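Q: Dropping the structure in here first, questions after.
The values are calculated or read from the model by the stated rules, or taken from the named source; none is laboratory data. This is a predicted model, so every value here is computed, not measured. In this analysis, Cβ positions are derived from the backbone assuming ideal geometry, glycine residues included, and neighbour counts consider all displayed protein chains. We work out accessible area using only protein heavy atoms, side chains counted, and drop any ligands, DNA or RNA first. Shrake-Rupley method; radii C 1.70, N 1.55, O 1.52, S 1.80 Å.
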Amino acid sequence: MNLINYEERRKLIKKVIKQNLKLTFAEIIILEKLKQLNKTKLDSTELKHSLFNRNMPFSVQLNNLITLGYLNKIRNETDERLIILSNINLEKIEQTLEQYHYIVKSILKNN
């Protein structure tokens with residue numbers, strides 16, 4: 001991928017992703033990490049540690065992903081401060097990421 005071409009079109013890519021997939025770029029990154037971790041249940045701190053920017057607040061993004069049916073969250077029974085991500089729909093994540101990559105390639109190809 002041509003980095004300069006991508007950077008020139010990044011705003012358009014973000015806009016099309018939001019319109020078509022109802023996702024932000026940060027949510028796409030979270031979906032990519034969930035795909036890499038390849039688990040249907042995990043502690044949210046494990047996800048947070050796997051992200052490049054560990055200080056990134058992601059509760060808003062998680063709530064949107066829950067609303068869109070990608071996963072659920074529950075509180076840890078022994079420590080309510082901890083959040084467990086469960087019922088992670090890896091198939092839906094894979095399909096969405098395929099759509100995302102198709103959108104990016106289509107926009108970059110129309111150079």
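Q: What longest region of the chain stays clear of GluC sites (Glu not before Pro) that DSSP places outside H, G, I, E and B and that have at most 16 other Cβ atoms within 10 Å?
A: Excluding the exposed sites themselves, the longest stretch runs over 1-76.
Q: How many Å² of accessible area per residue for the chain, probe 1.4 Å?
A: 67 Å²
Q: Specify which labelled value, from (i) 7.3; (ii) 6.3; (iii) 9.3, agrees with mean projected area of the Cα convex hull in nm² derived from the coordinates of the model shown.
A: Computing mean projected area of the Cα convex hull in nm² and matching it to (i) 7.3; (ii) 6.3; (iii) 9.3 gives (i).
Q: Whenever you get a sec, compute what percent of the accessible area on the chain sits on carbon and sulfur atoms (1.4 Å probe).
A: Percent of accessible area from carbon and sulfur atoms in the chain: 51.
Q: Taking the Cα centre of the range 5-45 as the origin and placing charges on Cβ (Lys, Arg +1; Asp, Glu -1), which of LEU31, LEU12, THR45 is farthest toward the positive end of the dipole?
A: In the range 5-45, that residue is LEU12.
Q: Oh, and also: Is there a quick way to get the dipole size of the chain? I mean about its Cα centre, with the Cβ of Lys and Arg at +1 and of Asp and Glu at -1; what is the value in debye to the nearest 20?
A: Here the size comes out at about 420 debye.
Q: Report, in degrees rounded to the nearest 10, the 0 to 90 angle that the Cα long axis of helix 25-37 makes with the longest principal axis of the chain.
A: Helix 25-37 and the main axis of the chain meet at about 60 degrees.
Q: Considering only Cα-Cα distances, which of the following residue pairs are longer than 23 Å: LYS22/LYS105; LYS11/LYS105; LYS15/LYS48; LYS15/LYS105; LYS11/LYS39; LYS11/LYS109?
A: Cα-Cα > 23 Å for LYS15/LYS48; LYS11/LYS39; rest within.
Q: To the nearest 500 deg cm²/dmol, what mean residue ellipticity at 222 nm is calculated for the chain from DSSP H runs of n ≥ 4 alone, each contributing -39,500 (n - 2.57), summed and divided by the residues?
A: Here the helix-only value at 222 nm equals -19500 deg cm²/dmol.
Q: How much length is gained on full extension from PHE25 to LYS109, taking 0.36 nm per residue of separation minus their Cα-Cα distance?
A: 28.3 nm is the gain from fully extending PHE25 to LYS109.
Q: Under the rule of at least 5 residues apart or a separate chain, name every residue whose amide H is placed under 5 Å from the amide H of ASP43.
A: Distant-sequence amide H within range of ASP43: LEU85.
Q: Once the Cβ-Cβ distance between LEU12 and LEU82 is put in as r, and R0 is 41 Å, what FRET efficiency do you end up with, to the nearest 0.05?
A: Efficiency for this residue pair is about 0.60.
Q: While we're looking at this one, here's another question. Under 15 Å between alpha carbons, and skipping anything fewer than 8 positions from LYS33 in its own chain: which aspartates and glutamates qualify?
A: Straight-distance partners of LYS33: ASP43, GLU46, GLU91, GLU94, GLU98.
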